[in-house]
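For reference, the structure discussed in these notes is given below.
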């Protein structure tokens, strides 16, 4: 990923926060057929062996991802935040010089590591419990795996395979108007809020602080 210095996000905690907030990853692997990409929610957990953490998830047993990949080649999990078109009409400097053009704002994390397959029902159940608990926590009536009939969940668990990725490196890119002067960042935040895009407005506001 090309990262100009002013768009680089080196903070591990900021990258991990994005991975937790936007857990649907594009998982890119190298298979016998070439590059392969799957869209999979991945749960970031702590890992004593890596400062970057560990990603855990599962795939359908019929998905060839878990049986058709090169174990010696790093995989890439791509996480991306909200994104937004930035209109040049929002820039305060448009009235002064007219030298403005459209662009696109986004934040992304590229997470690298080696894929490990875990075909163990107990591990898969634990992974499902952990991921479900995290995403159900703020709901008024949180659902738990134990709410479903045991024979039903056991049958479904048999149809999936666990995956785990101990992360070896993270790259973060926050393209959120840091290259603009303060007056343009302020006006971009206003434009994003006016068009009901508060998440990206928050990214622009936070990006200006580092």
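If R0 is 41 Å, the Cβ-Cβ spacing of residue 2 and residue 156 corresponds to a FRET efficiency of close to 0.50. When peptides 104-115, 38-49 are sorted by average Cβ neighbour count within 10 Å, with the highest value leading, the order is 104-115, 38-49. The stretch between residue 74 and residue 39, if pulled fully straight at 0.36 nm per residue, gains 10.9 nm over its current Cα-Cα span. Normalised radius of gyration (Cα atoms, divided by 2.2 N^0.38 Å) for the chain: 1.21.
Only DSSP H runs of four or more residues enter the estimate; each adds -39500 (n - 2.57), and after division by the residues of the chain the mean residue ellipticity at 222 nm equals -8500 deg cm²/dmol.
The alpha-carbon positions of the range 113-176 define a convex hull whose volume is 122 Å³ per residue.
Segment residue 193..residue 134, full-extension length gain: 18.4 nm, with 0.36 nm per residue of separation and the alpha-carbon distance subtracted. Helix 121-136 against the longest principal axis of the chain: what's the angle in degrees, Cα atoms only, rounded to the nearest 10? The angle comes out at about 30 degrees. The relative contact order of the chain comes to 26 percent, based on Cα pairs under 8 Å that sit 6 or more residues apart.
Across the range 1-61, counting alpha-carbon atoms alone, Rg and Dmax equal 13.9, 43 Å. Label separation (residue 148 vs residue 94): 4.9 nm, computed from points 7 Å beyond Cα along the C-beta direction.
We did not get these values from a lab; they are worked out from the coordinates using the rules stated. Quick caveat, the model's predicted, so the values are computed rather than measured. Neighbour counts are summed over all protein chains in view; Cβ atoms, including those assigned to glycine, are modelled from backbone coordinates with ideal geometry.
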